[in-house]
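Asks: Below is the structure I would like to discuss, written out as C-alpha cells.
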Amino acid sequence: MHFFEQLLIQYSRSISSEMERCAREAHPNEGCALLFGTKFQDINPKNDTPRVVYVVKLVESIPSSQLSWGSFFIDEHRLFETSVTAKVQGYKLVGIFHSHPAPAKPSRMDFEYMSRIDGFKPLYAVWIIQSTLPAGNTRAYIFLQNKIHEVRQEIKA
Ligand SMILES: [Zn+2]
C-alpha cells in the first residue's frame with residue numbers, strides 16, 4: 001500500500017453544497033475557495049493501518065475580483081494568512097477548491113501551481129476539483145514527491 005492511499009478527506013453535505021455554490025456562482029469562470037479545518041492521524045478500522053484524515057469545516061470563496069483565468073489564481077500570501085473565522089475556531093488551511101468547466105482532473109497549469117505552492121512552503125493541501133459539466137464529479141488530489149495522487153473522499157451526513 002502506498003502512503004497516499006492512507007490519506008482521506010472528509011466533509012459534510014453542507015460543506016459539499018457550499019463548494020457547489022462556489023462553482024455555480026463563479027460560472028463560467030472557475031470558482032475557487034480555501035478550505036479550512038483539521039488534520040488528524042488514527043488507525044483505519046477497516047484494515048488496522050495508520051491513516052491521515054483531513055476534515056474540511058469551513059469553505060471561504062475567493063472573490064472573483066482576485067481571479068484570473070485560464071487557470072485559477074490565488075494570492076500566495078493569502079494562503080498563509082489564516083482567515084479570522086478559521087482562526088477563532090482553531091482551523092488551519094487543509095485544502096484548496098476550484099471548479100473546472102471540464103473533467104475533474106488537474107490541468108497542466110494546476111500541476112505547475114500545485115508544485116509551486118507546495119514547494120514554496122509545504123502545505124500538504126488537498127486539492128478538490130469539481131467539474132461543472134452536466135455529468136461532472138468531484139475529485140481530490142495531493143501533490144507529493146513531485147507527483148499528483150488521488151485522495152479518497154468521504155462525505156458524512
Ligand atoms: Zn484546474
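Asks: Looking at the stretch 113-120, is at least one residue within 11 Å of the ligand (Cβ to nearest atom) and farther than 20 Å from ARG13 by Cα? Break it down into steps so the answer makes sense when it comes.
Replies: The first filter runs over the stretch 113-120 and keeps only residues within 11 Å of the ligand (Cβ to nearest atom), leaving 113-114.
Restricting the remaining residues to those that are farther than 20 Å from ARG13 by Cα gives 113-114.
Within the stretch 113-120, one or more residues are within 11 Å of the ligand (Cβ to nearest atom) and farther than 20 Å from ARG13 by Cα.
Asks: Mind listing whichever residues of the stretch 26-53 are charged (D, E, K, R) and either touching a residue at least 40 places away in the same chain (Cβ under 8 Å) or surrounded by 12 or more Cβ atoms within 10 Å (Cβ to Cβ) (or both)? Don't jump to the end; show me each part of the working.
Replies: As a first pass, look at the stretch 26-53 and keep what is charged (D, E, K, R): 30, 39, 42, 46, 48, 51.
Selection gives GLU30, LYS39, ARG51.
Asks: Quick one: what pairs do we get from the stretch 138-157, first residue in contact (Cβ under 8 Å) with a residue 40 or more places away in the chain and of a type in the set (A, V, I, L, M, F, W, C), second exposed (fewer than 12 other Cβ atoms within 10 Å of the Cβ) and not in a strand (DSSP E or B), C-beta under 7 Å, 6+ apart or different chains?
Replies: These pairs meet every condition: ILE155/ARG13; ALA157/ARG13.
Asks: Scan the stretch 102-120 and give yes if some residue there is modelled with pLDDT under 75 and either in contact with an Asp or Glu (Cβ under 8 Å, 6 or more places away or on another chain) or not small (Gly, Ala, Ser) (or both), otherwise no.
Replies: Residues of the stretch 102-120 modelled with pLDDT under 75: 118-120.
Narrowing further to those that are either in contact with an Asp or Glu (Cβ under 8 Å, 6 or more places away or on another chain) or not small (Gly, Ala, Ser) (or both): 118, 120.
Within the stretch 102-120, one or more residues are modelled with pLDDT under 75 and either in contact with an Asp or Glu (Cβ under 8 Å, 6 or more places away or on another chain) or not small (Gly, Ala, Ser) (or both).
Asks: Criterion first (within 15 Å of the ligand (Cβ to nearest atom), modelled with pLDDT under 85 and either β-branched (Val, Ile, Thr) or over 25 Å from ASN44 (Cβ atoms) (or both)) does PHE72 satisfy it? Please lay out each step first, then the result.
Replies: Values: within 15 Å of the ligand (Cβ to nearest atom): yes; modelled with pLDDT under 85: yes; either β-branched (Val, Ile, Thr) or over 25 Å from ASN44 (Cβ atoms) (or both): yes.
In short, yes.
Asks: Hey, could you check the stretch 84-112 for residues that are part of a loop (DSSP other than H, G, I, E, B) and buried (at least 18 other Cβ atoms within 10 Å of the Cβ) and say which is nearest to the ligand (Cβ to nearest atom)?
Replies: Residues of the stretch 84-112 part of a loop (DSSP other than H, G, I, E, B): 90-91, 101-107.
Applying the additional criterion that residues be buried (at least 18 other Cβ atoms within 10 Å of the Cβ) yields 91, 104, 106.
Numbers: TYR91: 24, ALA104: 9, PRO106: 6 Å.
Applying the filter and picking the extreme gives PRO106.
Asks: Out of the stretch 121-157, which residues are closer than 17 Å to VAL94 by Cβ, more than 16 Å from the ligand (Cβ to nearest atom) and outside any strand (DSSP E or B)?
Replies: LYS121, PRO122, LEU123, TYR124
The values are calculated or read from the model by the stated rules, or taken from the named source; none is laboratory data. Keep in mind that this is a model prediction, so the values were computed, not measured. Here the Cβ is made from the backbone with ideal geometry for all residues, glycine too, and neighbour counts use every protein chain on show.
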